[in-house]
Amino acid sequence: EPEVTQTPSHQVTQMGQEVILRCVPISNHLYFYWYRQILGQKVEFLVSFYNNEISEKSEIFDDQFSVERPDGSNFTLKIRSTKLEDSAMYFCASMSGTSFDHTQYFGPGTRLTVL
Amino acid sequence: KNQVEQSPQSLIILEGKNCTLQCNYTVSPFSNLRWYKQDTGRGPVSLTIMTFSENTKSNGRYTATLDADTKQSSLHITASQLSDSASYICVVRKRNQGGKLIFGQGTELSVKP
């Protein structure tokens, strides 16, 4: 069964460094999402991406964040200058967008630790 | 404010027993409600989806209900198994919002032998 994959599974970085989290959505899916979950808290929406552009973003998704679909298969989340409070689990999700399936399928997540 | 609240926060039951988890939401306009299961360190996996017109939906040992008038949903798990130990998250999708999901904080279920 197709699944969303994410790399790396765990990323440790120093405050102020740039990180890129990578996701490979399910092929032929058209909608892509990033969510984050700070330890012990709810999963929070960050951004949705469709047709090569951001369709919606939350207030968390400020100028330090960016997303890209560089090659038609990968979907990346970049944090330019990480802060301690960016430490969280980051989940990528994809959705086909067809009329009969609006399920968002989540990847296993990348645990980001900012020191 | 668009919110999803769940209760209880955590629950411990014996293997084989049934349990019911609750969800209240204030999200509007409402599109659908899903229950997700999240194992520790893993991404959420969809269990059921409920639209505005649906009251009850079953998926194996999972039965979800939805009362769109009172904006409440429940997830009933029958004949619990050890592998049911996980966080169960109520997630509401807003209509016309490009698929943005609003998550509850989850109920941490622990099934003991």
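The values are calculated or read from the model by the stated rules, or taken from the named source; none is laboratory data. Bear in mind the structure is a predicted one, so any value in this text is a computation, not a measurement. Every residue, glycine among them, receives a Cβ derived from its backbone with ideal geometry; neighbour counts consider all protein chains shown.
Structure summary
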| quantity | calculated |
| --- | --- |
| Test set (1) within 14 Å of chain A (Cβ to nearest Cβ); (2) over 24 Å from A:Cys23 (Cα atoms); (3) in a strand (DSSP E or B) - B:Ser58 fails condition number | (1) |
| Some residue of region A:94-114 being in contact (Cβ under 8 Å) with a residue 24 or more places away in the chain, over 14 Å from the mean Cα position of the chain (by Cα) and buried (at least 17 other Cβ atoms within 10 Å of the Cβ) | yes |
| Within region B:32-55, considering residues that are over 23 Å from A:Arg111 (Cα atoms) and loosely packed, with under 13 Cβ neighbours inside 10 Å, the one farthest from the other protein chains (Cβ to nearest Cβ) | B:Asn55 |
| Selected residue (criterion: modelled with the lowest pLDDT) from residues of region B:29-41 that are among the polar types (S, T, N, Q) and farther than 13 Å from B:Lys100 by Cβ | B:Thr40 |
| Single residue of A:Gln17, A:Gln41 found to be at pLDDT below 95, within 20 Å of A:Thr82 (Cβ to Cβ), in a loop (DSSP other than H, G, I, E, B) and among the polar types (S, T, N, Q) | A:Gln41 |
| Of all residues in region A:47-70 being within 11 Å of the chain's Cα centre (by Cα) and at the interface with chain B (Cβ under 10 Å from one of its Cβ atoms), the one that is surrounded by the fewest Cβ atoms within 10 Å (Cβ to Cβ) | A:Val47 |
